Every structure is written in C-alpha cells, then in structure tokens.
Amino acid sequence: MERLCGPDLPFWVANETLHTDRPNLPECFQLSVLSWLPSIYLWAVSPVYLFYLKRNNKGYIMMSIMNRFKTVFGLLLWIVCWADLFYTFHELRQGLSRPPIYFITPLVLGMTMLLATFLIQFERLRGVQSSGVLFIFWFLSVLCAIVPFRSKILQASSQSEVTDKLRFTTFYFYFGMVVCELILCCFNEKPPLFSNVVTDPNPCPESTAGFLSKLTFWWFTSLAIKGYKMPLQAKDLWSLNHRDTSKVMVPKLLKEWEKEQAKAKSHCEQSLSSQAAYSKPPQLTTNHTAGGGGESSPEEVEVLLSNQKSAPRQPSFLRALIKAFGPYFLIGSAYKLLQDIITFVNPQLLRLLIAFTKQKGVPDWWGYALAIAMFFTALLQTLILHHQFQYCFVTGMNVRTAVIGAIYRKSLVITNAAKRSSTVGEIVNLMSVDAQRFMDLTTFLNMLWSAPLQIMLALYFLWQNLGPSVLAGVAVMIMLIPFNAVIAMKTRAYQVEQMQYKDARIKLMNEILNGIKVLKLYAWENSFKEKVLAIRQKELSVLRKTAYLGALSTMAWTSAPFLVALTTFAVYVTVDENNVLDAEKAFVSLSLFNILRFPLNMLPQVISSMVQASVSLKRVQSFLSHDELDPDSVDRKSSATDFSVTVVNGKFTWAKEDPPVLHNINVMVPQGSLLAVVGHVGCGKSSLISALLGEMEKVEGDVSIRGSVAYVPQQAWIQNATLRDNILFGRPYNEQKYRCVLDACALTPDLQVLPGGDMTEIGEKGINLSGGQRQRVSLARALYSDAEVYLLDDPLSAVDAHVSKHIFDNLIGPEGVLKGKTRILVTHGISFLPQVDNIMVMVDGRVSEMGSYQELLKQNGAFAEFLRNYSLDDIVEEDEATEDLLKDEELFPDDALSNHADMVDSEPVINEAKRNFMRQISIISADGENPRSRSVRRQFCSQRRHSETQEKKKPPEVEKLIQAETAETGRVKTKVYLEYAKAVGPLLSVLICFLYGCQSAASIGANVWLSQWTNDASSNQTQENVHMRVGVYAALGIAQGVLLLVNCLLCRAYSMLRAAKLTHHNMLQGVLRAPQAFFESTPTGRLLNRFSKDVDAIDSHIPDNIDIWMRTFWYTLNVLLICSALTPMFLIVIAPLMVFYWWVQRFYVATSRQLKRLESVSRSPIYSHFSETITGSSVIRAYGRHNAFVLMSDMKVDENQKSYFPGIVSNRWLGVRIEFIGNCIVLFAALFAVTGKENLNPGLVGLSVSYALQVTMSLNWMVRMTSDLENNIVAVERVKEYSETKTEAPWEVEDKKPSSEWPMQGNVEFNDYSVRYREGLDLVLKNITLKVKGGEKIGIVGRTGAGKSSMTLCLFRLLEAAAGEITIDDVKIAEIGLHDLRSKLTIIPQEPVLFSGTLRMNLDPFEKYTDEDVWKALEHSHLQKFVSNQPAKLELECSEGGENLSVGQRQLVCLARALLRKTRILILDEATAAIDLETDDLIQSTIRTQFEDCTVFTIAHRLNTIMDYTRVLVLDKGQIAEFDSPTNLLSQRGIFYGMAKDAGLAQ
C-alpha cells in the first residue's frame, strides 16, 4: 500500500480509528479500499450479467425522461471522475507530484461509470424494467462515499480553510449524483413494448416490479390490502406467470420422462441382445406397448428375462424430475448457502457485545456499531432466506402442476388391465395426495445438505468457545439420532398403513355415494355405516400409535438443545478447576445451540418427508410406467376395401394374463350397412365393440376401421356440463343440424320440461336425467359428431318401446338419418331385426352364425330357434304404428326429461303459467302435418318449424341444480373454535393450555438460572456452588421435557383423536340420514372431498397446528417479559412493534385465509373432472377428444395454481415484515444493553439479546400457525355443515313399530294420494286412489314422465306425501320408521348397482341368510352356473361398481337379492332393460313362480311381460287414466290399446 499511497499517507492508524470517541479513516484507506469496492463489484458481476441479458430479451423499452436522466448523470459522473484525473496531471505539470493512487482511483472510477452508463442503456434495449445489479452498485457507492463525506467536513472544520478546493468540489458533485442515481434506481421503467404484460387483463405485478419491491415482496401489498378490505374472489387473482403454466411445465417434464423411458428400453434391449444367443420367437402383435411405446412384445421379453438374473432397469421418474426442475431449484440452494453462512455472524457479534459490556472505558460507538451490525446481518439474512423459500416453493408448485398433468395424460391412454389394478379412487389419490407430497418436499429439500453444514459450523464455533467439552454435547446429539430414526421408521410404516385405510375408506364412501339410492331402498345404510366405521376405527388406532411416537420424538427434539447445553456446561465446569463459565461463553454457546436446534429439528422431518415422497414417487412412477393402449391395434388408415369394418380371425382379451374373451372373430361390415349383434347376456357383445375401439388386448388377428368413429356405450356417459355441451361434445354449434339431431333422438319434447331447455346443467353422471334420456343424449352426441362408423352398444335398452321404435325408424334403421353410414348395433330388441342388413349371433365369445334375417331363419340354427320362441305375430306394419305415435306425441313429451330423474329429482322449477306457455308452443310447433308424409320429410329437417319455435322459446333463467360450493368468507367465527374445543372436551382444553404455559415457564426458568450462574464468575464464588448450580439447571430442564411429553400425549393421543372420531361419526351419520334430494344437488366429488381432505385436516393437521401455536405463543410472551424485566425502557418499543405486528398479521390472515379457501374450492373441480374423465375414457378416445380434455384439465390446474401462487407469496410477504419486527427487537435489546451498560451485569445482557435473536423465528411461526389453524379449522366448519343436513324421517319409530310378520296379506291402498318432488313444484301424482289386494300382479304403464317411477318412490317414502296416504295391510306407512317400511318391501331397481366386495356381501350385507338360501336364490335367478364356475364361488370379488360382471348379470344379481329378501310386496322398475329376451323370460317366469303369492308392481317397458297380470294401471300426467285387467283394457281401445298396438301385441 505504501507504494501506492506514498510515505505521507498511512493506510491504517489505530489511534485515529478504534480508540477514540470521534473515529475517522485515513485518506489512503478512503482512496483505495472505499473507492475500489463498488468498482470491483461491478466489473466482477457485469460479464455474467451481460451474458444473462443476451440470453433473455424481453423487447425494448422506449426512452423515458427518467432513463435520459440516468444516462446524463452517468456521463457527468464519468466527467467528474476524469476531471480529477486531469487535475492530477495538471498538478504534475506544475511540479507537484502526487502518489500513484491519485492517478489510479479516478481512472478506475471513470471506467466504472462508463460501464454503468452502458449497462443502463443495454438494459433498456433488453427490456429490463428495474435493475438489481445497478441498484447494489449505486448503494455500495453511496455507502462508501459516506465516510469521505464526513471526514472531508471534519477536516475542513478543523482547518480554517479548504486546502484542495477542486477535489473538495468534485467529490460533493460526485456524491450528489451518486445519491440521485440511487434514488432514480428505486423507480421502475415502463414495461417493454409488445410484452405479454400489456395483453394480460390482470398480470402478476411481480414481472414488472422494481428491484426493491421484489426484494421485500412489496408488490404483493396491493393484494393484501384488497383482501383485507373485502374477501378476495377468483376474479381478483393475478394470472399465472407464463413459465408456471401447465402449457410450459407439463411438456418439460414429459420430455425428460420420455427420454428416461427410451433409455430404460434401450438398456433393456442391450442387456437382452448381449445374451440372446438363440433366435427370437416370431413377433406377436399385442395391443400393447411396454410402458408406453416400444416394439418388442412383452411375452418375448419375459422369455428372455427368465434366463437373466438382473432385473430390467426401471425408467427413473426421479431423474426426470431433477432434469426438468433442478436448475431453477439450484438458484434457491445458492441463496440457502449464503444464508447459512450469515447465520453464524450474529453469535460472534453477541460475543463482542458481551465483551464490550464487561470492559470499562471503551468508546460507546463500539456498542452502537455492534447493535447496528447485528440488525443489518439479521435483515440481510431475512431477505436471503425468503428469496430461497420463494424459489423452492415455486419449484414445488411447478412439480405439482407437471405431475398432475402427466398423470392426467397417462390416465387417458392406459390399458384396461392397468386401469383394473388401480381404481379411480387410487388414481385420484395419486393426483391429490402424492403430487402434494412432492410439493411439500421441494420446500425442505435444501435442508438435506444445509442441516449438516449448519451443524458442522456450529460445532466448530462451539469448540473454539468451550474446547473439548463440546464433545459431551455432541455425544448426546448422536445418541438421539438413532432414537429418532427408529421413531421415524415406525411413523413411516404407520403412515403407509393409515394411507391404506384412508384409501379403503374413501373407496367405500365413493361406492356408498354412488349407490346411495339402492342403500335407501333396501334399508342397508346401517350395514354400510358399520363397514365405514370399522375401517375408520382401524385408521384411528394407527393415528393413535403415530401420536405416541410423535410425542416421544417432539420431546426428544425440544429437549435436545437443552440436554446438550446441560451436558456440555456440566462437563466443562467439572473437568478442570480453572474453567469458569462466564456470560460470554454461556450465552454465545446457547445461541449456537439454538442455531443447532433448527437443523436438528428439521433433519428428521425432511427425512420422513423424503421417505413419504419416495413412496409417492414409486406410486407415480409405476402408474406412469403402466402399459398404454396401442394406438395402432386398430388400423384406421386402410382405404382399399369396400368394407368399413373388418376383423380377421381376431382373438381378444381384457388383460394379457386373462384367458381370451373373444375367439376367432371374423367380421366384414360393408360400407353403409347396418349390422345387428345379438346373443345372450355375457356372450361378449359389448366386448366386441370394445375390441373394435381398440380398448382390448389384441392377441392375434387384424382389425381395421375406415373413417371416424362414433360410439354409444351401454351405460351412457354424461359430463357435468349443460345438455347442449354434452351433445356438441366440443364440435361447433350448428343450429339446423342440432335441431335435426334432437328430433331424431326424440329429445325435443324433453327440452320443454327441463328448467333451462338445452342449457340446463346436468349433474354428475347425468343424475338429473332419467336412464332413457341419458341414453338418448349419448345417441345425440354420436349423431352430431357426424362420423363414418357408428358403434351402438344397446342404446335402446333404457327407453320405452314406442320411443325406441321412433329412434330406430328415425335414426338407426334403413330409413333413418344414419342411412349410408356403417352401423353396428348391439341389441336385444327382436322387433328391429327384420329391418337390418346383417345379423351376427354370438355365443360364448364366438360368432355362431351371421347373415341376413331371412338367411338365418332358413339356416334353422340357434337364431331361428331363439326367434320362434319370441317372435309375436308378424311384426306390425311400420306405418300404422307411426300414426298412433304421432297422435299421442302431440303433447306429452316422449321420454321427456321426465319428472323422475332416476327416481327422485329436482323437478323443473317452472311455474304453471310458464309451463302452459311452453305447451302451447309445442302444440303450435307440432304443425299438424299429415302423419304419412312425415316419413318422407324425416330426412331433411323442417327448418321453418324450428326457426319459429326458437324465437318463442327463450330458455327461462336456468336454476342451477348443483349449487356452487360455498366458500365461507370473512373471519372464522369463534363459534368454530368453541365447537372444536367442545369436541375435545372443555376442561381438557383449559388444562392443555395451562400445561403449555408451565412447560414454557420451566424452560425460561432454566435460562434465568444460567444467567445467575454466570454471574458467579465475576464475584469469584465459582467453586462452592457448582453442584447446586448444575443440579437446579438440570431439574428445570427435565421438568420442561416431562411437561412437554405429558402434554403431547394428552393433547394429540387422547383428546384430539376423540374430536376426530366424533366429527367424522357425526358427518357420516348426517350424510347417510340425508334425504335422496340432498345427493342430487351435491356432487359426489364435494362429499368425498369432505370425507378425505377435511377429515384428514381434523385427524392430523389441526393437532399439529395447535401444538406448535401454543409453544410459540408462550415462548414469544416469555421473551418479551424477560426483555422488559431487564430494561423497562423496552416496553416503550414493544407497544409500537406489537401494533405493527398485529396490523400485518390481520392483513395477512384475512388475505391468506381467503386464498386458501379459493385454492381448496378450485381444487375439487380438478379431481371431479379427472374422475369423470377416467370413467368416460373410452368415449373420449372413441371420439378423438383426447387433446381437448387434456386442455380442460390443464386449465383447471392453472386455475387452482392461480390461487396457490399468491398464497406462497403472502407467506414471504409476511415473513419479511414480521422478521423485520424481530430484527428491531434485537436492535433495541442490544441498544438498551449498550446504554444501560453501567448497571447491567453481562449475564443479563447475554440473556436478553440471545433471547431476542430467537424471537424472530417464533413470531414468524406464530402468525403462520394462526393462519394455518384458521385455514384448517374451516374443516371443522365444513364437516359440521354436513353433519347438520336436513334428515329424512326417522329410521325406526319405537311406539309405531309394525309386527315382525307385517305385511301378511300385502294389500296396498292409495287414498287420494298426491306427491311433489320439492316444495314449490307441481304435483307429480295427483289425487290417486286405488286398492290392490294381496297377491295381485299389477302392471304400471304410461309415457315417460307420467309418474310411473314416482309411484314406487312413494311406497318407499323416498318422496313424502303432499296429501292423502298409503296404507299397507291397514298400517299407514307415513307413521312407521323408514327402515321398518323399506325392509319389508323389495325393489329391483332400474339400474343395477353393485358394491365392491364379495358377491355374497352384495346379496346379503347383514349376513342374515345361510349359504343354502343364497345358492337357492342364485339358482332361481339363473346365476348358479356362472357363479359355480368361478373359482371363488360366493366369495367372487365384484370390482368397483360391479365392472367385472356384464350389465345383464348385474341385473340378475339384483333379482337374486330380491329373491333372498322374499317380502310380500315386490316392485320391478324397468328391471329388464339390459337383458336379452331369453333371460328376460327366465326372470319373468321366476317372478311368477317364486313370488306367486306376493303383490307385484311392475313398471313395464315391454308390454308382453305384463299381458298376463291381474290388472294394468295406465298413468297419464300423474293421474290414473285406466285401471283394469289387460283383456278389458284392450277391448276398451284406450291408451293401453294404443301402446299394445305399437308393440305389436294387438291388431
């Protein structure tokens, strides 16, 4: 330095700087170090920064006034610096030689200023709105210039005049302009031209925020204020940043995953080729691609691998994740490293501070400097920490987006075998739980390396402080690690177990909710409630075990720092007489131990979180590696042949390992022909359709289809959208075509009964449409799609006879809209067979014969036999039937959107006047055409008619069926907390609070004692009381641990679990007791969400939150008390700080709570859309709507992340502000310690400051926990809401219980009976009076919507009477309990519902009957052969919804149920819809023989089933039209005669 500055200017003078009350730095130091610091920084950073700017171009910014000023100031600074330089040369000319430093510094500074000016412009061209690099540079420059600023003034005041006037002037010029630059740097430029910020309606301010604003998360404040003023809504949220959207994230991950898969495959192939010496077996074509792409067939791979020991390499999903998201995450890691190092500065400063208080006669400014330094390091640490968090959380969010997207995309293409291995519930769990876990892990991941680093550093400093005694403490720590590891392992095992129970519980709940109507009709709720509670009980016992372990581990970790301190101090004092524990050693060590506490606490958490995530990783990886459907198994391209659909010796199976279901299939369907496929139940008709769609495994053969495909599944798949959207299915709307389609599918009349016409929202799974309507909507979708090939899987099963005739004639048949298209129709209806081109008869998965109707009759095979039994007199001429149809159609809608949607339903909310108006319109629009001419006009739509009705029929205000999920707004009411406290137990709650207080007091006591102990050192009475000191210290510490343990056990393992058990039980009870209408207006997804997410919150999150909140609350309170007790001045500071704290916290909690709520409300649509997609995946694939659905899912995920992202930022925003308060407390504690130095002993200073250093953490946690608790406690509110739903009538009424034999005769009487669906709606049945004697067989017929199903619902009291009454054997059914009533009636419902479980459980859930009874029932229901062929017999597992039985077999199972119950009254609701005629006959004969002495009500579609009944009841518009024996009715030539004529049963 001497060479630079010359001998006259010394570099450092101790007496001038440290040891004086007015310190000053020497001129040489000022000129060299202080001037060069900013320059060195800028030159070091600029290459990297320039490279970054070259890569990231955001478009350029127009020159603004501010930018011009910046540039001008930069140039002026350069001129000022070089003026100095030239002045030095000038002096040299004058003969005044200056030391070299006078040349070097101005030169360097001038160059730096030029560089800065260049950067200002370059940033403008690259679209940078606010520059961090330059801000730091100007800030450093100002900081470094402050010292010369002061010293130059001091110098001038000490001397009479200024010696070096020019340099004096230039310096103040320089200083002024640097300050101006700094101020200008704080403001923002305008956004660049053409940037997406401009186009976005509500862009995220982050992208345009300035450097300071980003640093302190100030840009979030606007949202915080908005959220505080009024509850936030979805429209207030910012759009996602482009880089966080699904559009960017999902492909990024999938790209890496595909690389991984390719690698694994090539690895596999290499290892195969390396030892595949023998020739390869011939290529088998399978409809299969190993893990989603790949040629070698799986069988062949197995052959080879059997000889090879090494397992094939799995593609690693982890590696894909790391490659996709690693780089961004690493930025966060860099911040973390910096923060870890800064953490250790404060204990060193504390040491200096304590030393300072001991010394007498040192300058005061040392103390102030230390206090300010402590404040600044703490502040820096805060900012860095939160930026690290921000990076980690955003990575976590991106991982979740990508994983959900990947799972969704995969679920659309997995094979059926794969789908069977994981139920819908499990896949949804992958999406909700596992994706969430990845997200949680990324936030902690850095702790994996950071925790060990912090521990090492802490130990190093401790060793310096206390020497080898530290090893005693380390030993204690090391001993605790295996203890915790064991606990973590155990906890992990329990968690897996709990997940399984939870999965099982949710799966069961899902089925209960899907089959709730059946449960009600059969009065089975209790049996299923017991099943759910049994699973729940297991789940709770696992939770209890987890809680025991948790209590131990919490105790170990909380007491760890204390035990370590105790052993270390005890050893330190006892090892050597000369070791004295003074304040400096004790409190610096304590603050280091406190730093240790965090990484030690976190490590086990991170490890357990890693373990959980690794479980999730395996689950996701195995799901993503599932086999995919081979898109090429069906050849869609061949155009050579005249045949639209060809199958050449096809052999198909559902899963590779299963035996084939279809053998030796050869089918050629000529272009434009209609092929009917017939056969018994379970013979493989639907499987054939699936094979044509490429849904099955193709074992051998070829399938080709020419052109696009439309598919109508046997069970219609309806989305939760408007009716119109369901029909358009993503195609553009074309009025004329749309009307045509509605006509052909007989849907036009239905629309008039719907509350919103075709804009009515359809519930989940089409719950507010009747079976027939769903089927017709499904047909309409197919027709609208205008495809070349139509695959129709029994679409006519669920509709009435005359409607099915209408549809066949207008749509499917030779004269229908579809003529000229290729149609394959699976059907059970014989009447249509003469009109089809070809018939294919299937028996047991083979084609037994094929040909036209006439040919097959001639062949005289199985088909002819089948027909002869069933064909009634010649099929009536088509036209006659049509005439009749038209007469009747005039007013009452065909299968109109019936008043009974599936039994009970939200009936249209239209008042009478409006409805009459509609009717008039429909009469006008019926346009009295001549019926015969109609068949000609059928092909082209009568446009005129439609345009005219359209105007008159503006759909009325649609009332939404599914009410939007209410997100509670505003503060969580105290009531909810009290509700929870009540569930826990009021006395217990108070006790728990008190214990927490005690525990905290003990820990503070220990430290106060320590400060007394250290004061022994100064008064030299160390030796005598060592044992007493150590003993009391130990006692206090151990008391703290024990109290904590007791507390945890009491709180977590006993009381909170009790609350969890209670709340779940009440909700389950409430939901099962709810009336049917409740389930129609509440989507299953929402109910399931309550049962999974909210119950989970009550099980595990709320107890955690309360635990941490209590601990931090008491801790913070104690710190403030101690600081105030030591320096009463502190109270003055506390007041404003607490006000600020409270204010920030209110802002934060209001906003964050609402964000959390928005997030959870926007979350359920992701899952309900997802489960909808999985159930309809075959339809989506058939129509090629794959991409559209992926987009929909992405939108829903982005919508959800839109509310999650501000949630993360709100935590950062809060953190920075709260920690600022904490840092202020540190600052003031230190300042007061300095000012009160004379009368404070070092022990107390150490105590107060080391506590203040800790308080930041606990303040932060406290707000976070308050808000978490508020967010989670909402779960209590939501669960409570469903446990208080309006219930139906009581299940049993003790004093009105009927005798156990009731009903003996089975007489049923309706007395002036009326019923409506909901309050304020029209009556569905009006004043019905009839008497039925025991043992009569009554058929109920009528157009759809005439109230047929409603009658059956009334018998079961799913609908309660509006007037009148029903009596059965002289008992008024309105007076007895529902279960007493329902268990005495039997219904075979329209839609067969099975539950997953054994077949036996499905028949007899209460296990009332013996095995013989069950077998007998199966024999009568013709299932005996099927069941006895199964290896499991009665224990045959039915999969979810009975998927592994055909629809017909499911119907037979329902029949078997009825046979088992064998009550005196039987009701059949269109039960025979999905069954072929032969089985139908069997059922009818079974009913006639088995139930001959019972009263039977049948709602008939096929009139031939009721022709031999005692009487037939014809309903029309809710009233009795005719009621007499069938023969009398036919002779009356009324409505019944007309229907019989349609069905070809009368001439």
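The values are calculated or read from the model by the stated rules, or taken from the named source; none is laboratory data. Just so it is clear, the model here is predicted, and its values are computed rather than measured. Please note: Cβ atoms are built from the backbone with ideal geometry, for glycine as well, and neighbour counts cover all protein chains shown. Note: accessible area is taken over every heavy atom of the protein model, side chains too, but ligands, DNA and RNA are not part of it. Shrake-Rupley method; radii C 1.70, N 1.55, O 1.52, S 1.80 Å.
Miscellaneous remarks
- The set of residues in the stretch 1331-1356 that are open to solvent by 20 Å² or more (accessible area, probe 1.4 Å) and either assigned to a helix (DSSP H, G or I) or over 15 Å from Val1514 (Cβ atoms) (or both) comprises Lys1331, Lys1333, Gly1334, Gly1335, Glu1336, Lys1337.
- Residue within the stretch 625-634 that is assigned to a strand (DSSP E or B), open to solvent by less than 70 Å² (accessible area, probe 1.4 Å) and more than 22 Å from Ala320 (Cβ to Cβ) present: yes
- Boolean, Thr1127 is over 23 Å from the mean Cα position of the chain (by Cα) and more than 26 Å from Thr1266 (Cα to Cα): yes
- The requirement of being part of a helix (DSSP H, G or I), in contact (Cβ under 8 Å) with a residue 40 or more places away in the chain and under 29 Å from Leu215 (Cβ atoms) is fulfilled somewhere in the stretch 148-159, by at least one residue.
- Qualifying residue in the stretch 475-487 (condition: in contact with a helix residue (DSSP H, G or I) (Cβ under 6 Å, 6 or more places away or on another chain), in contact (Cβ under 8 Å) with a residue 40 or more places away in the chain and among the small types (Gly, Ala, Ser)): no
- The set of residues in the stretch 782-810 that are touching a strand residue (DSSP E or B) at 6+ places or on another chain (Cβ under 8 Å) and part of a helix (DSSP H, G or I) comprises Ala782, Leu783, Ser785.
- For the stretch 1138-1166, taking the residues that are of a type in the set (A, V, I, L, M) and either open to solvent by less than 20 Å² (accessible area, probe 1.4 Å) or not in a helix (DSSP H, G or I) (or both), the one that is farthest from Arg1278 (Cα to Cα) is identified as Val1144.
- Residue match in the stretch 543-564 (condition: polar (S, T, N, Q), under 30 Å from Leu253 (Cβ atoms) and open to solvent by 10 Å² or more (accessible area, probe 1.4 Å)): no
- Listed conditions (1) in contact (Cβ under 8 Å) with a residue 60 or more places away in the chain; (2) more than 47 Å from the chain's Cα centre (by Cα); (3) open to solvent by 50 Å² or more (accessible area, probe 1.4 Å) are all met by Lys1326, apart from (2).
- Among residues of the stretch 1409-1421 that are over 10 Å from Ala1456 (Cβ atoms), none has a Cβ under 6 angstrom from a residue that is open to solvent by less than 70 Å² (accessible area, probe 1.4 Å) and small (Gly, Ala, Ser) at a sequence gap of 6+ or on a separate chain.
- Residue identified as at pLDDT 80 or above, under 21 Å from Ile727 (Cβ atoms), touching a helix residue (DSSP H, G or I) at 6+ places or on another chain (Cβ under 9 Å) and not acidic (Asp, Glu) among Phe808, Phe832: Phe808
- Test result for Asn601, assigned to a helix (DSSP H, G or I) and under 37 Å from the mean Cα position of the chain (by Cα): yes
- Just one of the listed residues (Leu1418, Leu1455, Leu1445, Leu1468) is farther than 24 Å from Lys685 by Cα and open to solvent by less than 20 Å² (accessible area, probe 1.4 Å), namely Leu1468.
- Residue check, Arg1318 in a loop (DSSP other than H, G, I, E, B), basic (Lys, Arg) and open to solvent by less than 60 Å² (accessible area, probe 1.4 Å): no
- Residue in the stretch 161-182 that is in a loop (DSSP other than H, G, I, E, B), farther than 23 Å from Gly127 by Cβ, among the charged types (D, E, K, R) and at pLDDT below 85 present: yes
- Candidate set from the stretch 1280-1336 (those that are more than 30 Å from Thr1082 (Cβ to Cβ) and of a type in the set (Phe, Trp, Tyr)); member that is modelled with the lowest pLDDT: Trp1302
- Filtering Thr169, Thr163, Thr245 for residues that are surrounded by 14 or more Cβ atoms within 10 Å (Cβ to Cβ) and either of a type outside the set (Ser, Thr, Tyr) or farther than 30 Å from Arg1146 by Cβ (or both) leaves a single hit, Thr245.
- Check on Lys490, over 28 Å from Glu1443 (Cα atoms), open to solvent by 40 Å² or more (accessible area, probe 1.4 Å) and touching a Leu at 6+ places or on another chain (Cβ under 8 Å): yes
- A single entry from Ala787, Ala746 fulfils the requirement of being of a type in the set (A, V, I, L, M, F, W, C) and within 15 Å of Val1179 (Cβ to Cβ): Ala787.
- Failed item, numbered, when Pro659 is tested on (1) without any contact (Cβ under 8 Å) to a residue 24 or more places away in the chain; (2) touching a strand residue (DSSP E or B) at 6+ places or on another chain (Cβ under 8 Å); (3) not in a loop (DSSP other than H, G, I, E, B): (3)
- A count restricted to the stretch 28-63 and to residues that are modelled with pLDDT under 85, among the small types (Gly, Ala, Ser) and open to solvent by less than 20 Å² (accessible area, probe 1.4 Å) stands at 1.
- Failed criterion for Ser1531 (all others in (1) in contact (Cβ under 8 Å) with a residue 12 or more places away in the chain; (2) open to solvent by 10 Å² or more (accessible area, probe 1.4 Å); (3) assigned to a helix (DSSP H, G or I); (4) not acidic (Asp, Glu) hold): (1)
- Output for the stretch 984-1011, where each listed residue is among the hydroxyl-bearing types (Ser, Thr, Tyr), within 30 Å of Leu1240 (Cα to Cα) and open to solvent by less than 20 Å² (accessible area, probe 1.4 Å): Ser1000, Ser1011
- Some residue of the stretch 1458-1471 being assigned to a helix (DSSP H, G or I) and in contact with a helix residue (DSSP H, G or I) (Cβ under 7 Å, 6 or more places away or on another chain): yes
- Residue check for Val1139: in contact with an Asp or Glu (Cβ under 8 Å, 6 or more places away or on another chain) and β-branched (Val, Ile, Thr): no
- Members of the stretch 822-844 found to be part of a helix (DSSP H, G or I) and polar (S, T, N, Q), listed by number: Ser831, Gln835
- Among residues of the stretch 1478-1526, those that are open to solvent by 50 Å² or more (accessible area, probe 1.4 Å), within 20 Å of Met1539 (Cα to Cα) and not in a strand (DSSP E or B), counted: 6
- Residues in the stretch 89-134 that are over 53 Å from the mean Cα position of the chain (by Cα) and among the polar types (S, T, N, Q) were compared, and the one that is most open to solvent (accessible area, probe 1.4 Å) is Gln94.
- Conditions (1) of a type in the set (A, V, I, L, M, F, W, C); (2) part of a helix (DSSP H, G or I); (3) surrounded by fewer than 18 Cβ atoms within 10 Å (Cβ to Cβ): number failed by Phe137: (3)
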